[in-house]
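Novice: To start, I am sharing the structure in question, which I have written as C-alpha cells.
Only the coordinates and a few stated rules stand behind these numbers; no lab work does. The structure presented is a predicted model; accordingly, all values stated were derived computationally and were not measured. Please note: Cβ atoms are built from the backbone with ideal geometry, for glycine as well, and neighbour counts cover all protein chains shown.
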Amino acid sequence: MEDSATCSTTFESHVDWVNDTVLAGDNTLVSCSSDTTLKAWNCLSGGTCTRTLRQHSDYVTCLAAAEKNSNIVASGGLGGEVFVWDLEAALVPLSKSSDAMEDDCPNGVNGSGNLLPITSLRTISSSNSISTHTNQSQGYVPLAAKGHKESVYALAMNDSGTLLVSGGTEKVVRVWDPRTGSKTMKLRGHTDNIRVLLMDSTGRLCLSGSSDSMIRLWDLGQQRCVHSYAVHTDSVWALASTPTFSHVYSGGRDLSLYLTDLATRESLLLCTGEHPILQLALHDDSIWVATTDSSINRWPAEGRNPQKVFERGGSFLAGNLSFSRARVSLEGSTPVPVYKEPTLSIPGTPGIVQHEIMNNRRNVLTKDTSGSVKLWEVTRGIVVEDYGKVSFEKKREELFEMVSIPTWFTVDTRLGSLSIHLDTPQCFSAEMYSADLSIVGKPEDDKVNLARETLKGLLAHWLAKRKQRVGSQPSANGDVLSGKDVSHRSITHSRIEVDCNAENDTMVYPPFEFSTVSPPSLITEGSHGGPWRKKITDLNGTEDEKDFPFWCLDCVLNNRLPPRENTKCSFYLHPCEGSAVQILTQGKLSAPRILRIQKVINYVVEKMVLDKPLESVNPEGTFTPGLVGGQLTHSVIGDGSYRSGVKPWQKLKPSIEILCNNQVLSPDVSLATVRAYVWKKSEDLILNYRLIQGG
C-alpha cells in the first residue's frame, strides 16, 4: 500500500470557493463554486478547463452525477435553483459571444502546493457596487427543476439518472424526475436543514443527513422514512455507503466518523479528529476524509466486509431520537474510537486566517492555521520573511513604521490565500519616490505610482506576448503607447493623467517583478465576459482585450490614470516663536503628500540665502543666513523644483530644523506622515522653522 502521495494536477479557474466536485464518465470532472459557475475539466490533459457553465444566480453548493449516464449532472445552489445539465450538449463548442458557456477556460497547474497570492482587478461603480457583467445565457440552457423556495445544500442521483433528490433549508427531501424536471414527491421528517443526501444504485433507498444531527433512511417506493439513526451529537455533513448500501459511514460537525449497520442499527465510532468532516469517499477497504483543515486523511474502513470492524467490539445501538446521542455524550459515555491514527495523510497548505496591511502599504503580515507568521511584499507577490510560530500581535508592533501612505489596495483571506484587490480609482492613490524604492537609473525624486507599476509587473508576460503578436500596431482604442505628448509634471487638473515621460515606459522595475516560478493568479471582476482567473505566466497575449477592465488596459497600454483625489498637502510655514529668522513667504503652501521634510528645509534655505554668496558658509559647513527682503514668487513646493540649477550650498549640512506641534521633525519623514502622526488635525498643517542651536 502506498505510503505517500504526490500532486499530479491542479485545476485552477474558479474565482471563489469550490464547493463540490463529481466525476462524469472516465475523464470529465465537474466542479461548482461560490463564483456561481460550474466548470468541466479534462482530467487527462493536465487540468484543462473545457467549459464554464453559467446559469445559477447565487453560490452553487452541490452536484450530483449519474454513474451509468456520464452525460447527466445536476447542480443546486443558494438561489433555490436546481438545474439538470446534459454535458454532451453543453460541451458542444459555441460561438465566442455565448455567455452561458465559455470555451478555453483559463487554467493553471502548480503542483508545488505553494499558497500563492491572488490579485483581483475590480471596477467600482458610482454606487460603490462591484460590476460583474454576466448576461443572460445563450445557446444551451439546462433543464430547471422548479419548486425550491430556499437554499439547496444537497443533491443525489441514482445510477441511471432517472431519479434526483434534493434538500436544503426547507427541511424536506424533494424527489424529481431529472428527465422532465417534474417533482414526484416531498418527504418530511427532519427538523433542521438537510446537508447531505445519498441514494442507492437503484433509486429505491435514500439516506439523508441533517443539522438536526439525525440520519434518516427513506424508502422512495413507500414514500416514507423507514429508519432514523441518532448517531451524531451535532450536524451531519457527509455520508458514504458500502456498495450494497448495507452500511453507512457518516461524519459532520462533531469531528467524528461513524460506521452504522442500516439493518441492525449497530453503530461504531471509527475515529475522531480535530476538525469537522466535510466529505467522505470510500475506496476499497479505506475511506478518505476531508475536513475543514487543508489536509486529507485516509482511514481503515473495511468497505468490502464492514462486519469485521464490529468484531472489535465497542459498538452501540443507534437510537431513533436526536437527543438520545446528545444525552449519552453529556453523561460521559462517549464511545472509544477504533482507530487512533490515519494510514495516510496528504498535507495541505495551511490557510491564512489573519492579516494586517503594514503602514508602508507594500507589506502584509499574515498568520496561517499552523500558527506561522509571514511577511509578504504585495508588489512582488512573495514572502520576504518567515518568522515561524511567533506572536502575530507582537510582530505587528515590532514592524510598525511611522509612515503615512494612502491605502491603494484591500486584502482578504477568505479563500485561505492572500487576495489583493485593486479597485479603480482608489488603487492609483499611492505614490513613492524612486529613491525610496531603490530604483537604479531613475531620477531619485521621480514619483512612482505603486498600482501602475504593480499592474505592469503583473501583466509583463501578457504585454511581451501581445507585443510579439501585434508588433507596434495601435491598441484597440486607437492610441499607441507614446501617442500622447503630455508630461506627468503638468499642474493642470485634466480628467485623465497621462505619463509618457519615461523612456523605458514598459520596463518593470525590480520592486515590481513577480516570480515566474511561483506566479500569482490574476482575477478580473468587471470585464466584458464575466470574472475569470489565470496565472500571470499563462497569459499568452491572445486574450481578448474586453476580458480586461478598460481602466487596467488604459493604464498599462496608454499610461493613463483615472481621476484621483488631490495628492497635495496644504500647509503654512512660519518661524518659531521668538525667532528672528524670516523667509520670503506668505499664505498657504502646497506640495505632494510624499514630499520629505528635507525638501521643506531646502525651501527655507533657498528663500533665506537665495542670492547669498558662498562666503556666507562658515567653516563647519553650516549656514549663517541673513534676512532677505522681497516677495514670494512660488506658492508651490514642487518635488522637482531643484532638478535644474541646484545651488551648491543646498548640498551642504542644513542649519535649519522644522517643527510641528513643538516637535522637531526628521528630514526623512513626509508631509503625510507629519500630518497623520504629529499634527493629528483636519485643519491645514502648520510647520515652524528655526536655526539649529549652534548653527
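Novice: If each residue's Cβ is checked for other Cβ atoms within 10 Å, how do Asp219, Asp368 rank with the fewest at the top? Please list the in-between numbers first.
Specialist: Details: Asp219 14, Asp368 20.
In increasing order of surrounding Cβ atoms, one gets Asp219, Asp368.
Novice: Enumerate by residue number the GluC sites (Glu not before Pro) in the stretch 405-453 meeting two conditions: DSSP loop (anything except H, G, I, E, B), and at most 14 other Cβ atoms within 10 Å of the site's Cβ.
Specialist: Answer in residue order: Glu444.
Novice: Take the alpha carbon atoms of the stretch 242-299, find their center, do the same for the stretch 390-462, and report the distance between the two centers in whole angstrom.
Specialist: For the stretch 242-299 versus the stretch 390-462, the Cα centre distance is 46 Å.
Novice: So what's the net charge close to Ser295: Lys and Arg +1, Asp and Glu -1, counting the other residues with Cβ under 14 Å from its Cβ? Intermediate values should be presented prior to the final figure.
Specialist: Numbers: positive: Arg298; negative: Glu274, Asp293, Glu341, Asp368.
Summing Lys/Arg as +1 and Asp/Glu as -1 gives -3.
Novice: Which of rounded, prolate or oblate describes the stretch 189-348 when judged by the alpha-carbon gyration tensor and an a/c cut-off of 1.5?
Specialist: Note, shape of the stretch 189-348 comes out rounded.
Novice: Here's another thing I want to ask about it. Sort 186-197, 388-399 for me by packing, meaning the mean count of neighbouring Cβ atoms within 10 Å per residue, highest on top. Walk me through the numbers on the way to the answer.
Specialist: Details: 186-197: 19.4, 388-399: 13.2.
Highest mean packing first, the order is 186-197, 388-399.
Novice: On a 18 Å Cα-Cα criterion, which of the cross-link pairs Lys340/Lys367; Lys456/Lys534; Lys442/Lys535; Lys39/Lys186; Lys588/Lys681 come out too long?
Specialist: Too far apart for the 18 Å limit: Lys340/Lys367; Lys442/Lys535; Lys39/Lys186.
Novice: If each residue's Cβ is checked for other Cβ atoms within 10 Å, how do Ser250, Ser57, Ser256, Ser34 rank with the fewest at the top? Present the calculation step by step, with values, prior to reporting the outcome.
Specialist: Values: Ser250 27, Ser57 13, Ser256 23, Ser34 19.
Ascending number of Cβ neighbours within 10 Å: Ser57, Ser34, Ser256, Ser250.
Novice: Under a Cβ-Cβ cut-off of 15 Å, what is the net charge of the residues other than Glu385 that fall near it, where Lys and Arg count +1 and Asp and Glu count -1? Mind dumping the intermediate values first?
Specialist: Values: positive: Arg362, Lys367, Lys374, Arg380, Lys389, Lys394, Lys395, Arg396; negative: Glu356, Asp368, Glu377, Asp386, Glu398, Glu401.
Here the count lands on +2.
Novice: With an 8 Å Cα cut-off and a minimum separation of 6 or more residues, compute the relative contact order for the stretch 189-348 in percent.
Specialist: 18 percent
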